[in-house]
Amino acid sequence: MREGVLMRNAARAEAGPGPGMRRVLGRIGRCALTYLLIHITAWLVIALVIESEDSFGQLMLIGLGMLPLLGVPSVLLAIVAGLAHTRMDVTRFRLALVLPMLVFVFPTLAASTAEPLFFEIMAQLAFVRLMPTPLIPENWEGQTD
């Protein structure tokens, strides 16, 4: 039994310090996938609720076009903030992330109706709540959920 423990410790030492890269990349991928699913759901609701002369498919394509404007900065902010802040408890971290996330919703102000703005705000709030935090649990010094 002692030899098994020594072999595992030796394998960890060879892998290098810190958490496994595969695990970190998995959590970052889960962060991006979470945003993608929330964004698709928001635009599905927008397409179903909004009274527009555009068809359902056209509204979904508009939502897809909004993904680089809204989603990429949101996910990048979440990843950078998640990697940088390791001492905050999770609730405080999420609260600190809400306002910067809402800045990315401003492109929806150009819409002719209020639904895209409302549902994108809800999507950003849902993402802040559902994003995997902490991204690197081994380095986290704050309290977790």
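The values are calculated or read from the model by the stated rules, or taken from the named source; none is laboratory data. All figures in this text were calculated on a predicted structure; none of them were measured in a lab. Positions of Cβ are backbone-derived with ideal geometry, glycine not excepted, and every protein chain shown enters the neighbour counts. Keep in mind that these areas ignore ligands, DNA and RNA; they rest on the heavy atoms of the full protein, side chains included. Shrake-Rupley method; radii C 1.70, N 1.55, O 1.52, S 1.80 Å.
Out of the residues in the range 11-26 meeting the condition of being open to solvent by less than 50 Å² (accessible area, probe 1.4 Å) and in a helix (DSSP H, G or I), tell me which one is modelled with the lowest pLDDT.
Initial filter on the range 11-26 (open to solvent by less than 50 Å² (accessible area, probe 1.4 Å)): 16, 19-20, 24, 26.
Applying the additional criterion that residues be in a helix (DSSP H, G or I) yields 24, 26.
Numbers: V24: 81, G26: 88.
Checked the range 11-26; the qualifying residue modelled with the lowest pLDDT is V24.
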(request) Output the number of residues of the range 108-129 satisfying the condition of being assigned to a helix (DSSP H, G or I), among the aliphatic types (A, V, I, L, M) and surrounded by 14 or more Cβ atoms within 10 Å (Cβ to Cβ). (result) 7
(request) Could you tell me whether any residue of the range 64-82 is assigned to a loop (DSSP other than H, G, I, E, B) and either farther than 14 Å from L130 by Cα or open to solvent by 40 Å² or more (accessible area, probe 1.4 Å) (or both)? (result) no
(message) I want to confirm something. Restricting to the range 86-107 and keeping residues that are more than 14 Å from the chain's Cα centre (by Cα) and buried (at least 18 other Cβ atoms within 10 Å of the Cβ), which single residue is farthest from A32 (Cα to Cα)?
(response) M88
(message) The conditions are (1) of a type outside the set (S, T, N, Q); (2) exposed (fewer than 12 other Cβ atoms within 10 Å of the Cβ); (3) modelled with pLDDT of 85 or more; (4) more than 22 Å from L130 (Cβ to Cβ), and G29 fails exactly one of them. Which is it?
(response) (4)
(request) Taking only the range 33-42 into account, find how many residues are surrounded by 17 or more Cβ atoms within 10 Å (Cβ to Cβ) and closer than 12 Å to L67 by Cα. (result) 4
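Considering only residues that are open to solvent by 50 Å² or more (accessible area, probe 1.4 Å) and in contact (Cβ under 8 Å) with a residue 12 or more places away in the chain, which ones fall in the range 46-59?
V49, E51, S52
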(request) Name every residue in the range 115-145 that is modelled with pLDDT under 85 and of a type in the set (G, A, S), in order of residue number. (result) G142
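Out of curiosity, is L61 under 15 Å from the mean Cα position of the chain (by Cα), more than 22 Å from L25 (Cα to Cα) and of a type in the set (A, V, I, L, M, F, W, C)? Explain how you work it out, then say what you get.
Values: under 15 Å from the mean Cα position of the chain (by Cα): no; more than 22 Å from L25 (Cα to Cα): yes; of a type in the set (A, V, I, L, M, F, W, C): yes.
In short, no.
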